[in-house]
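Below is one structure; the comments refer to it alone.
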Amino acid sequence: SRAKVFDQNTKVRTTFKDVAGLEGAKEEIQEIVEFLKNPDKFTKLGGKIPKGALLVGPPGTGKTLLAKAVAGEADVPFFSLSGSDFVEMFVGVGASRVRDLFKQAQTKSPSIIFIDEIDAIGRARGKNNITGGNDERENTLNQLLTEMDGFGTDTNVIVLAATNRADILDKALMRAGRFDRQIYVDLPDKNERFEIFEVHVKPLKLDKDVDLEFLSKQTPGFSGADIANVCNEAALVAARKDHTTVHHQDFLDAVDRIVGGLEKKNKIIT
Ligand code: ATP
């Protein structure tokens, strides 16, 4: 809904501390934080800051979290929308939404615009399009390109977008002055999974038998979102068993459940 776009100017409390692992991505994006904190310092020196960066990686790896943390670290407003909101939208609505969003962000600049699932609007034009082009998705994409090009160098709005399909994006999006920077947000390795577990067990009452080292070894292929899920599920399992703390076995049960769920999901897809 339209209201959604305007409701989001609330203070962001997410910071890099909430984002476990992803050291490389954090390092790369730090420059954007520095810029948003003090844009004048950069522009006075004549430096050019990217207008946009693309966060690329599998689902649930923390792209949204990272984008939010940039806003939190820099203490600037965060405006977001999802590409999937634009699917099956009435003619003109998508483009006008994009226009409104950029106007808002500009008024509150320095600020961040985050576009999740940008592939939903940013798919290469002319493909999978039996009606022969100029559909609403295309209008929305064109508006987005127009807005990004319209930004002068004095505009302190940074546009971050997330996708797990950078390969299908319209090349026009990646052109200089648009999303000309890609930041990879990969699945966590064992050590990173350990760190993600540490973040997500914080609100839980843990038994001393819980072995996060073991759990991070047992969860190859899990995303950050999967691990957050495991931790929450473990607490539910513990409650069901009338435990007063969350035990190691509750985590193992939760892992089994999540693995079961993932297997089912994959079966449906293939
Ligand atoms: P999608 O591509 O599905 O939109 P995403 O990459 O944007 O996913 P997020 O929405 O940021 O993923 O992650 C979902 C949730 O998973 C987060 O809110 C957080 O709880 C947890 N999570 C994911 N990655 C991490 C991480 N690196 N550190 C801590 N928590 C994480």
Pulled fully out, how much extra length does the chain show between K17 and D149, if you take 0.36 nm times their separation in residues and subtract their Cα-Cα distance?
44.2 nm
Obtain the nm distance between the two label points defined at D180 and S84 by a simple spin-label model: each point lies 7 Å from its Cα along the Cα-to-C-beta direction.
3.2
Nitroxide proxy distance, nm - points 7 Å out along Cα→Cβ at E198 and S96
5.0
For K190, go through the aspartates and glutamates and keep the ones whose alpha-carbon is under 19 Å away, minus same-chain ones fewer than eight residues off.
D18, E23, E198, D211, E213, D226, D256
Going by average Cβ density within 10 Å per residue, which order do the peptides 13-22, 227-236 take, highest to lowest?
227-236, 13-22
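Over 18 Å between Cα atoms: which of K202/K265; K17/K63; K51/K171; K26/K217; K205/K241; K44/K108 fall into that group? Kindly include the intermediate steps, with their values, before the conclusion.
Values: K202/K265 28 Å; K17/K63 14 Å; K51/K171 16 Å; K26/K217 24 Å; K205/K241 14 Å; K44/K108 21 Å.
Pairs exceeding 18 Å: K202/K265; K26/K217; K44/K108.
Cβ neighbours within 10 Å, averaged per peptide: list 194-206, 137-149 in order, most packed at the top. List each step's numbers first, then the result.
Numbers: 194-206: 17.3, 137-149: 20.3.
Those peptides, ordered most packed to least, come out 137-149, 194-206.
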Expressed in nanometres to one decimal, the distance between label points 7 Å along Cα→Cβ at D211 and A172 is 5.7
State, in angstrom, two size descriptors of the chain derived from its alpha carbons: Rg to one decimal place and Dmax to the nearest whole number.
20.6, 63
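Laboratory data are not the source of any read-out in this text; all were calculated from the coordinates shown. Since the structure is predicted, the reported quantities are computational estimates derived from the model, not experimental observations. Note that each Cβ is placed from the backbone with ideal geometry, even for glycine, and that neighbours are counted across all protein chains shown.
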